[in-house]
1. Suppose we filter ILE82, ILE21 for residues that are among the β-branched types (Val, Ile, Thr), modelled with pLDDT of 95 or more and at negative phi; which single one remains?
2. Sort out for me the helices (runs of 4 or more DSSP H) sitting completely within segment 1-73 that have 3 or more residues that are surrounded by 11 or more Cβ atoms within 10 Å (Cβ to Cβ) and touching a residue at least 60 places away in the same chain (Cβ under 8 Å).
3. How about segment 1-14: which of its residues are out of contact with any helix residue (DSSP H, G or I) (no Cβ under 6 Å at 6 or more places or on another chain) and of a type in the set (A, V, I, L, M)?
4. May I ask you to say which residue of TYR68, TYR75 is at pLDDT 95 or above, over 15 Å from the mean Cα position of the chain (by Cα) and of a type in the set (Phe, Trp, Tyr)?
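The values are calculated or read from the model by the stated rules, or taken from the named source; none is laboratory data. None of these values were measured; they are calculated from a predicted model. Methodologically, a virtual Cβ is constructed for each residue, glycine included, from the backbone with ideal geometry; neighbour enumeration extends over all protein chains shown.
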Amino acid sequence: MFKLYIIGIVILIVAIVANSIIRKLGLLSWYDFIARISNKGTVALSTTRLTDYLWLFFGYPLILGLGYVLGEKLYNFLQSLIAL
């Protein structure tokens with residue numbers, strides 16, 4: 001349970017940092033994308049840039065996956081400290 005908690009916290013931190021960086025780069029976050037679809041309907045799908053789609057469907061999952069890896073490494077590090 002502790003392992004899942006540590007990994008979850010790291011993924012959350014990575015997601016927050018990623019969202020703040022992409023906002024500065026002018027890319028859409030999932031929140032922006034869903035809000036755009038809610039406001040404009042299917043028109044939003046055709047007006048969304050390719051770079052936004054690449055970020056949302058490839059970049060963001062990759063970054064969150066790296067967050068998982070970092071969380072697992074942090075957990076293993078903490079476990080090694082406790083074992084000493």
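1. Values: ILE82 fails: modelled with pLDDT of 95 or more.
One residue alone meets the criteria, ILE21.
2. Working: elements: 2-25, 30-40, 43-47, 50-54.
Answer list for segment 1-73: 2-25.
3. Initial filter on segment 1-14 (out of contact with any helix residue (DSSP H, G or I) (no Cβ under 6 Å at 6 or more places or on another chain)): 1-2, 4-5, 8-9, 12-13.
Within segment 1-14, MET1, LEU4, ILE9, LEU12, ILE13 meet the criteria.
4. On the way: TYR68 fails: over 15 Å from the mean Cα position of the chain (by Cα).
The match here is TYR75.
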